Amino acid sequence: MTRARLRDLGAAVGSLPPGPHNAITDVPGVWVGHATVVRDEPTAARTGVTMVVPREGEVWEDYCFAGWFGFNGNGEMTGLPWLEESGMLGSPVGITNTHQVGLVRDALVRHSVERGVIEGFVLPVVAETWDGWLSDIDAFPLTEADARAALAAAAPGPVAEGNVGGGTGMICHEFKGGIGTASRRCVAAGETWTLGALVQANYGDRADLRLDGLPLGRLAGYDRVPSPWPGGREEAGSIIVVVATDAPLIPTQCTRLARRATVGLARAGGVGHNGSGDLFLAFATGNHLPAHRARRDVVMLDHEQMNPLFAATAEAVEEAILNALCAAETMTGYQGRTAHALPLEAVAEAWARRPR
């Protein structure tokens, strides 16, 4: 069966409607770009870089309010001390493999210097998950050119999922994982807002995977699809989640959204294993924050209006994870190791068993 997104298979989670692309790029001005590196010489590389770019690339000079949450901290996301202190995001968000966070961060710094950002310094946000099972991570296969390529490729519209960008070599619930995205539209304070999520999914046990509460992982057991790990393994991590919305939120509210990504992860079957880096970032474009202004006028939703956005976050994150699994293809990589794709037939079978 040709790989497909969850909704292409006739299944869906949640009750809120998606945006036109069912992607984080449904939030106006949010772009996504990938650079994918797959080669076998001089050693196996199954890796890449993904960039989430707010404000059509103008985030360097027009910041976004932002917040973050660490569900489990065995991972890395750079730039968080200043993001937490200031409540603002002033760079694209990069996602890559564990050993090359620094390279992607430095590429963003160099880009900012060449762009002429006049703040004097920049502290970009770059996150990671570990792809060392399918890729020779110790060979450091990525270059600055790959990071720049992902940034240059950033665009609106549909987002490639599965074995692309930073998600190229990732494994999720013991199936091939990677990049996934989804969006929701909701009404708060009498207006309609868009919220989108993008995940780099590289976590979880087979038995825990759920589709709208259905035991999808158990329906596609080891007798049907082998585990990528010899004899199975108890822990596999991690997941990075980026949430974006056009609602006018302040940093405290962005942090509250980032926390709700945990609900979507739990619905899909994530439990936050000890070895998992589960780090979530949320930013809001509803306020413009031009650099070097002595005063900025800010609008915010009342906290009482946040519930629809909380629901949208949970639904978008859950579906983004499932989209990553549905889109990802079986991959063989380093030392002949193979991560098998989630059988789409199992998705259809699980969906057919749901209560009517």
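When DSSP beta bridges are restricted to pairs lying wholly in the chain, around 80% turn out antiparallel. Note on the chain: GNM, Cα springs under 10 Å; of Gly67, Gly237, Gly221, the largest mean-square fluctuation is that of Gly221. Farthest toward the positive end of the dipole of the chain, out of Tyr203, Gly221, Pro28, is the Cα of Gly221, where the dipole comes from beta carbon charges about the Cα centre. Here each label is just a point 7 Å from Cα along the line to Cβ, and for Ala145 and Ala189 those points are 4.7 nm apart. Cα-based values for the stretch 111-174, radius of gyration first and Dmax second, are 14.8, 46 Å. Segment Ala291..Thr330, full-extension length gain: 9.5 nm, with 0.36 nm per residue of separation and the alpha-carbon distance subtracted.
Between Thr43 and Asp8, what is the FRET efficiency for a Förster distance of 30 Å, r being their Cβ-Cβ separation, to the nearest 0.05? So, using R0 = 30 Å, E works out to roughly 0.25. Simple point charges give the picture: +1 on the Cβ of Lys and Arg, -1 on the Cβ of Asp and Glu, and for the chain a dipole about the Cα centre of about 680 debye. Dividing the alpha-carbon radius of gyration of the chain by the rule-of-thumb value 2.2 N^0.38 Å gives 0.93.
Entry note, the chain: the mean residue ellipticity at 222 nm calculated from DSSP H runs of n ≥ 4, each adding -39500 (n - 2.57), is -7000 deg cm²/dmol after division by the residues and rounding to the nearest 500. Ordered by the number of other Cβ atoms lying within 10 Å of each residue's own Cβ, fewest first, His303, His173 fall into the sequence His303, His173.
Computed over the Cα atoms of the stretch 10-56, the ratio of the radius of gyration to the Kirkwood radius (Rg/Rh) comes to 1.19. Pop out the Kirkwood hydrodynamic radius of the stretch 147-199 from its pairwise C-alpha distances, inverse of mean 1/r, in Å to one decimal. It is 13.1 Å. With the simple model of a label 7 Å out from the Cα in the direction of the Cβ, Asp302 to Ser86 spans 3.2 nm. When only the Cβ of Lys, Arg, Asp and Glu is charged (+1, +1, -1, -1), the dipole of the stretch 1-75 relative to its Cα centre reaches about 400 debye. Between the stretch 85-112 and the stretch 257-301, the C-alpha centres lie 16 angstrom from each other.
Using the Stokes-Einstein relation with a Kirkwood hydrodynamic radius computed over Cα pairs, the translational diffusion coefficient of the stretch 4-146 at 20 °C and a viscosity of 1.002 mPa s comes to 126 µm²/s. Fully extending the segment from Val113 to Glu345, taken as 0.36 nm per residue of separation minus the present Cα-Cα distance, adds 78.6 nm. Projecting the Cα atoms of Ala284, Pro308, Gly167 onto the dipole axis of the chain, where Lys and Arg carry +1 and Asp and Glu carry -1 at the beta carbon, places Pro308 farthest toward the positive end. Extending 7 Å from Cα along the Cβ direction at Tyr222 and again at Arg356 yields two label points whose distance is 3.6 nm. Ordering Ile137, Ile95 by the number of other Cβ atoms within 10 Å of each residue's own Cβ, fewest first, gives Ile137, Ile95. Computed about the Cα centre, the dipole magnitude for the stretch 1-132 is approximately 460 debye when only Lys and Arg (+1) and Asp and Glu (-1) carry charge, each at its Cβ. Starting from a Cα-only point model with no solvent, please compute log10 I(q)/I(0) by Debye for the stretch 169-280 at q = 0.10, 0.16, 0.23 1/Å. Those come out to -0.34, -0.76, -1.29, one per q. The fewest-to-most ranking of Ser276, Ser238 by surrounding Cβ atoms within 10 Å reads Ser276, Ser238. Dividing the Cα radius of gyration of the stretch 76-198 by its Kirkwood radius returns 1.01 for Rg/Rh.
Any read-out appearing in this document is the output of simple, stated calculations on the displayed coordinates, not a laboratory observation. Every value quoted in this text rests on a predicted model; they were computed, and no experiment measured them. Counting neighbours? That spans all protein chains shown, and the Cβs are built from the backbone with ideal geometry, glycine included.
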